[in-house]
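Everything on this sheet refers to the single structure shown next.
The values are calculated or read from the model by the stated rules, or taken from the named source; none is laboratory data. Just so we're clear, the structure is a prediction, and the values are computed from it rather than from any experiment. Backbone-built Cβ (ideal geometry, glycine too); neighbour counts: all protein chains shown. With ligands, DNA and RNA removed, areas are computed over all heavy atoms of the protein, side chains included. Shrake-Rupley method; radii C 1.70, N 1.55, O 1.52, S 1.80 Å.
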Amino acid sequence: MSISALVILSALATSPAAPEVSESPRHQFSLYGRSGASIYLSSARTHGGVGGGFGVRDTVDGRWLLQADVNALTGLGSAFAVRVGAGVQRQGWWAPAVLLNVTGLFGDRLDFLTPEHPVPVAGPSLGLGLTVAPARFTLGKAQVSVLELGVGVGTDNPGLGLVYGLTLLEVGMAL
């Protein structure tokens with residue numbers, strides 16, 4: 001092999017590689033804990049309380065949120081709330097969000113017998129609502145949200161119920 005061929009091969013072997021592009025993951029899964037209150041109010045029943053719980057979240061492309069959580073509640077007996085939601089957040093360290101949630105409340109409740117509801121309404125209290133989280137922040141892999149407000153509607157045939165939600169503090173960590 002000639003010296004010029006060796007020089008060319010060694011130059012090719014030591015040439016810098018193309019820089020790697022660091023892409024953020026398409027899906028970022030996180031676990032979070034929350035504290036707050038949820039209540040369902042209608043002319044037929046009152047359901048809910050204060051407490052806390054935990055959940056899982058998938059952030060898609062840094063903007064779209066898919067989440068589910070379970071919360072233990074007390075105050076009107078022992079109840080628990082299950083929320084499933086999807087929404088959008090602002091990208092960056094300040095990440096306010098808006099989510100559409102389906103909330104189900106299970107467990108102890110207060111039932112009211114009225115002419116429209118001569119017997120207690122069977123099943124969980126279900127509602128569809130909107131949650132606004134204006135004070136959400138992303139700090140590295142941690143997420144913190146303070147004072148989220150939610151409101152929604154449910155049905156107690158005949159009639160409607162209102163679902164209210166308040167999250168005082170939510171702290172999450174990306175996996």
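General remarks:
- ALA97 meets each of the listed conditions (1) more than 19 Å from LEU66 (Cβ to Cβ); (2) in contact with a strand residue (DSSP E or B) (Cβ under 9 Å, 6 or more places away or on another chain) apart from (1).
- Only one of VAL163, VAL98 that is open to solvent by 40 Å² or more (accessible area, probe 1.4 Å) and β-branched (Val, Ile, Thr): VAL98
- Complete set of residues in region 136-151 that are open to solvent by 30 Å² or more (accessible area, probe 1.4 Å) and farther than 30 Å from SER43 by Cβ: PHE137, THR138, LEU139, GLY140, LYS141, VAL144, VAL146
- Which listed residue is closer than 27 Å to ARG26 by Cβ, open to solvent by 40 Å² or more (accessible area, probe 1.4 Å) and not β-branched (Val, Ile, Thr), from PHE112, PHE54, PHE80: PHE54
- Residue within region 119-133 that is in contact (Cβ under 8 Å) with a residue 60 or more places away in the chain, within 13 Å of the chain's Cα centre (by Cα) and in a strand (DSSP E or B) present: no
- ALA72 meets the conditions (1) over 21 Å from ARG136 (Cβ atoms); (2) open to solvent by less than 50 Å² (accessible area, probe 1.4 Å); (3) at pLDDT 95 or above in every case but one. The failed one is (2).
- Cβ-Cβ distances below 6 Å connect the following pairs, each with a first residue in region 49-70 that is without any contact (Cβ under 8 Å) to a residue 40 or more places away in the chain, a second residue that is surrounded by fewer than 19 Cβ atoms within 10 Å (Cβ to Cβ) and of a type in the set (Phe, Trp, Tyr), and a separation of six or more residues or different chains: ASP58/PHE29.
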